Amino acid sequence: MSFKVIKTLLTTQYAYMLEYRIEIALWALSGVLPFIMFSLWSQNDVGNSFGLNDIGLARYFLSAFLVRQFSVVWVVFSFEEDSLSGRLSPYLLQPLHPLFRYVASHLAEQATRLPFAIAIAITFFILNPSSFWLPSLPQLFLAYLSTHLAFTIAFLLQSLVAALCFWTEKSSALERLIFVPYLFLSGLLVPLSAFPSNVLKVAMITPFPYLINFPAKVLSGMPVDIFNGFLAQILWISILVPSVNILWKLGLKRYTAMGA
Amino acid sequence: MQRYFKTIRLFWSTAFASQLEYQLNFLIELLAMLGTLLGSVFILSLFFTGGRQLGDWTWESALVIQGVYTFLDGLTNALLRPNLTEIVNYVREGTLDYVLLKPIDSQFWLSVKKFSFAGLPEIILGLSIVFWAAIQSGTTFSIYSLFVFIISLLIGFIILYSVWFLIAASSIWFVKTWNATEVLRALLAAGRYPISAYPVILRFIFTLVLPVAFLTTFPAEAILGELKFNILFFGLILSSLFFIFSRLFWKFALKHYTSASS
């Protein structure tokens, strides 16, 4: 894929996303769950029991919010719509894997979201001035990297479900089965260090902790095993890429161009 | 009035027939619901480690709140979501015209047209948790407490419905309201925990601005026999206001409806 193709995809998708600024602002706002959870954990003084004071909790949940903002994925919903309405057929004829189109629109949407996410972060600091911190440059770089890897894992996981569109009409319903464990095991509601050790062991063999918990810890400056975290992220990506590829190829053979 | 009941019966029996086609969907919803419940109870249990309490609620009484939340979530999935998220499509495709021409109240038609049976297990399970957890926390039921419980659930549901409907009705102006319902869902998730567990400012917001407290905390207090009468009274007024406002807002929105493609 040439540089020109990448540039064209990203700029057109960005222009397209700019049309939906209000929707994207609302969507950014719908990620308030970590803040609700933060108010609960700090109000009830539970943080100490998992080794975090109020400031640590505040930083963790703000980081979790930010990581979520830039790793949120909706490819299965777009894909299902395109596949049911027959829009997928022309995409398949182009000499470009259709998934790249969705990658580009996700990245463009993240860029559109950036100002809103910053505004929400500033509001959070105004409400909790004591929690203010600026991560160092290497820390910021590592957090950026791990968030992107988290996005890649989430995107691949959902693409796996999206590929099932070739078999069933309602694969977006199956997405719920990924979303539920994601919600509870990713660290969006509570840092994973609060889990009892047996639950933690189970959680760590799933990809979910690497979607929020790990990048959020890096960003908030909590002690974290950086090497193993990145290793696990890369491992999951290297498992998921061939899986998506195989499922996609199998599915394509069954594609009947619905609605076209 | 009888005409309305007959309409509901017809609507829901056709909904049932058409959903039999998607049995797999039903199974997925069931699995997702059980997973969600398991996860929420697990997160809730983390608050109680080391013999703590959550905003002066014991573990069993906090489970009652989870039950009420599950019940209302079931109603949302069965009734509110399938119907109210469709309004935007009627507006976009111009088919709202046909609804408005029908000799029946349009708000009624739009609110009960569909019924998703996948929400039914959640409704039943929610109520079972409420009663089981209430018994576990040593509550004895009386006719009076059951009556107050039903009234407070009704209050909660009317408020929930009105807020959903307000957002859905605003699709007359804004075509994409899906994201606004996502914001609402995220905020309503606060109802999984007792209102007294929140910081003061959020308690105020969740009681008067977006009355999450009336959805879960107060019905749970009702079944536990702890609800104060003046809160029930206030809830009746508040829910009536919300409902009246949703109707007025719909009438107002229709005045601005210009119909698509015409």
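Read-outs: derived from the displayed coordinates by stated rules, not from any lab. Here the structure is a predicted model, which means the values were calculated and not measured. No Cβ is skipped: glycine too gets one built from the backbone with ideal geometry, and neighbour counts run over all protein chains shown.
Rounded to whole Å, the principal axis extents of the Cα atoms in the range A:140-260 read 53, 27, 21, largest first. The fraction of Cα-Cα pairs per 20 angstrom bin, counted from 0 for the protein assembly as shown, comes to 20, 55, 25, 1 percent, rounded to whole percents. Of the trypsin sites (Lys or Arg not before Pro) in the range A:1-98, the ones in a loop by DSSP (not H, G, I, E or B) with at most 16 other beta carbons within 10 Å are A:Arg87. With contacts taken as Cα pairs under 8 Å and at least 6 residues apart, chain B reaches a relative contact order of 27 percent. Note on the range B:147-203: Cα-only Rg and Dmax are 14.1, 41 Å.
Measuring spread by the Cα atoms of chain B yields a radius of gyration and Dmax of 19.4, 65 Å.
Restriction of the trypsin sites (Lys or Arg not before Pro) in the range B:194-262 to DSSP coil positions whose beta-carbon has at most 14 other beta-carbons within 10 angstrom yields B:Lys228.
Placing dummy labels 7 Å off each Cα toward the beta-carbon, the span from B:Ser128 to B:Arg9 is 2.9 nm.
Legend: mean number of C-beta atoms from other chains within 10 angstrom of residue C-beta atoms, peptide A:27-38, equals 4. Helical runs assigned H by DSSP (4 residues or longer) give chain B a calculated mean residue ellipticity at 222 nm of -22000 deg cm²/dmol, each run adding -39500 (n - 2.57) before division by the residue total.
Taking only the C-alpha atoms of the range B:1-110, the Rg (one decimal) and the largest Cα-Cα distance, Dmax (whole number), read 19.9, 62 Å. Once the Cα atoms are used to define both axes, helix B:2-19 deviates from the longest principal axis of chain B by about 80 degrees. Its residue count N sets the reference 2.2 N^0.38 Å, and the alpha-carbon radius of gyration of the range B:120-228 equals 1.20 times that reference.
With the simple model of a label 7 Å out from the Cα in the direction of the Cβ, A:Phe141 to B:Gln136 spans 5.1 nm. Per the Debye formula on identical point scatterers at the alpha carbon atoms of the range A:1-133, with no solvent, log10 I(q)/I(0) at q = 0.09, 0.22 Å⁻¹ is -0.38, -1.27.
Using Cα atoms only, what is the angle between the long axis of helix B:178-188 and the major principal axis of chain B, expressed in degrees (0 to 90) to the nearest 10? Result, in degrees: 20.
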